[in-house]
Structures are given as C-alpha cells and as structure tokens.
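Participant: First, the structure itself, so that you have it in front of you.
The values are calculated or read from the model by the stated rules, or taken from the named source; none is laboratory data. Just so it is clear, the structure is predicted and the values come from calculations on it, not from any experiment. Don't worry about glycine lacking a Cβ; one is built from the backbone with ideal geometry, like all the others, and counts go over all protein chains shown. Note: accessible area is taken over every heavy atom of the protein model, side chains too, but ligands, DNA and RNA are not part of it. Shrake-Rupley method; radii C 1.70, N 1.55, O 1.52, S 1.80 Å.
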Amino acid sequence: MSKSQIALVALTMIVISVSSLNSIFAQTMQDLSCTSCITISDTKSLDLHKNLQLPIILWAENFNYAYDHNSLITINGHSNLNNPETPITIEVINPIGNLVSVQQIIVAQNSDFNVKLSTDGPLWTKDGTYIIKAQGGTGSFTIFKTKVELTGGAPTGGKCAVNELSASNYCIPYTITGATVSSSSLNTKNKSIMIMLSDSEDGTLDIKPSTGIINGISLVLVDGQQWDDVTISGNDVTVMFPAGTEEIEVIGTFVVPEFGSIAVLILIVAIVTVVVFSRNRLMYPNKISTLSN
C-alpha cells in the first residue's frame, strides 16, 4: 500500500470516528429518558433474553438498579456476537447527557462478562438516570442499553435554590451584597467558575463550590485582573469587589468538564479500533477466519 493510500485510509478513519462521535452525542441528547433501555429484573427475564440469542445483553448485579454516589456498580453482560474478536464498547451517559465512562473489552462467543463502575468520581455527582450502553461492531442491531438510578447527590436539571448559583447545570452555594448575579458558568479551559454581575456597588461575594465541581482554588480575577482582596480557605472563597465590577472568575486546578475528556479520548480510540477491525475483516476475510480457527 502506497503512502498516499495509507494517508487516505487514515483520513477516512478520522472522519468516520468524528462523525460517529457526533452521532453518539446527538443521539444521547435526544434520548436522555432512554425509552429504548431494557431492565432485566430477575432470573426468569434473564433466561428469556439469553434464549432470544441477542448479540449483547446487559443486567445489573443482583438485578439492583438503584445506587448512591459512593457505590461500585457491577454490570453483567452476555455476548452472542458472530465474531468473538469484535470488541465490545461500554459507555455510560449521565443525566445531563455527558459521557462519563468508556471501556472496551474482548469477549469470547456465547459467554458472560462484567464491568465495574465506581460512582464516587466528579462526573457522577448528579442524581438521576445513568444510561449504560454496550455495542459490538458497527451495526445498530448490536446495541443494548440499560440504566441505573443514582440518588443522594446533586439534583439534576432542576432549579437551584435561591442561595445557589446555577453554573452549567451545577448548583453552587453563594451569598452576595452590593450586586446582582446575572449569570454563571464553568470554564473548562481555564478550570474556573465565571460569575457575571450587574448593578454592582462595593460589595462582597462568598461562594462554596463542592470539590466535585472545582478543586485547588488559588486565584481570583476581577474583570480580568488578578485580585488580592480575597480570602480563600479550601473551597470557601470570599471576594471583596469594587463598584462597577462586571465579572469575577474563580480559578482552580480542576473543574468538572462538560464531557469527560479522558472518556471521549477512549471512545475515539474505541471507534477507530472497531473501524480498523471491520475494514480488515472485509479486506482479509479468509486470513481472519483462519486466525480465529
């Protein structure tokens, strides 16, 4: 294969990967309620689904689909894919549509498998439904989705309390004098919380974000300038600001991303792996068949 052909193949795989990723995110945002999810609730139902010879099925350990934010979830599965060399990708989407976890596994034909999911990470802070999807190969018929419910954490998508900022779907306790907060958001690039003010006089802002939202707070900017009239104690921040202030930025070493960056990277690698495997299977079917035998 010439260099130009290799470059073309590489470019094609990148385009397919990006397109697939966009499709995944679009589908996620359209189906947060997961009407296509299947909950296998007992042994009888499990046996029934296995007898259907579906390519992939998933079910929670002990048929338990309710957890808190300090749990280790075991998701069991059964693969009946025609080619056991096809990797299975496991994705988890949180209640606001963010990709929080991706794993890829190889499973022997007609056999069980399991994956472990820890719920104590910063991307698992929202209460609500977490969609777990398994996909083997590139066809939609190889997809199986189930869901679990998490409780005891931050409310999902609902209104924050009157003493809380609403920043990118997260609620942050605060008090302010001398101004009105017009909006707030998380800046993943700067690892910061952005707070926009209006009608400001000399005043004071106190915020107390959780470490699951931002951590390592060490710097505050007021209208883009480093500000010294602040008190920082862990995640308790007090800012004294002058009249006319429009923007306060609280900067840390970590802020919860809109999408789990590592998870997205793993997902891209998983998609490329599936594409390469499928392409090789089409180009060298006899060789792959011989290897599998």
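Participant: Determine, for each peptide in 228-239, 86-97, the mean count of other beta carbons within 10 angstrom over its residues, then list the peptides with the highest first. The partial results should precede the final answer.
Facilitator: Details: 228-239: 14.7, 86-97: 21.3.
Per-residue Cβ counts within 10 Å, averaged per peptide and sorted highest first, yield 86-97, 228-239.
Participant: Just list whichever of LYS126/LYS208; LYS147/LYS189; LYS44/LYS116 have alpha carbons separated by over 27 Å in the model shown.
Facilitator: On the way: LYS126/LYS208 17 Å; LYS147/LYS189 31 Å; LYS44/LYS116 24 Å.
From the list (LYS126/LYS208; LYS147/LYS189; LYS44/LYS116), the Cα-Cα distance tops 27 Å for LYS147/LYS189.
Participant: Counting only heavy atoms of protein chains, what accessible area per residue, in Å², does the range 37-172 have with a probe of 1.4 Å?
Facilitator: For the range 37-172, the per-residue accessible area is 44 Å².
Participant: With r defined as the distance between the Cβ atoms of GLU246 and ASN163 and R0 fixed at 25 Å, what FRET efficiency is calculated, to the nearest 0.05? Could the numbers behind the result be given before it?
Facilitator: Details: r = 22 Å, r/R0 = 0.88.
It comes out at approximately 0.70.
Participant: Mark the label point 7 Å from the Cα of LYS208 along Cα→Cβ and return the residues of the range 176-190 whose backbone N is within less than 14 Å of it.
Facilitator: 176
Participant: Using a cut-off of 17 Å between alpha-carbon atoms, which aspartates and glutamates can reach LYS50, once sequence neighbours fewer than 8 places away in the same chain are excluded?
Facilitator: Within the straight-line limit of under 17 Å, LYS50 reaches these aspartates and glutamates: ASP42, GLU61, ASP112.
Participant: Could you give the nm distance between label points at ASN70 and MET196, where each point is 7 Å from its Cα heading toward the beta carbon?
Facilitator: Reported label-point gap for ASN70 and MET196 is 3.8 nm.
Participant: Shape call for the range 51-135 from the C-alpha gyration tensor, a ≥ b ≥ c root eigenvalues: rounded (a/c under 1.5), prolate (a/b greater than b/c) or oblate?
Facilitator: Numbers: a/c = 2.35, a/b = 1.87, b/c = 1.26.
Cα axes put the range 51-135 in the prolate bin.
Participant: Rank these by accessible area, largest first, 1.4 Å probe: LYS191, LYS145. Don't skip to the answer; put the middle values down first.
Facilitator: Values: LYS191 85, LYS145 25 Å².
Final ranking, largest accessible area leading: LYS191, LYS145.
Participant: If you don't mind, there's one more thing I want to ask. May I ask for the distance between the Cα centers of the range 119-133 and the range 197-256, given as a whole number of Å?
Facilitator: So the separation of the two Cα centres works out to 28 Å.
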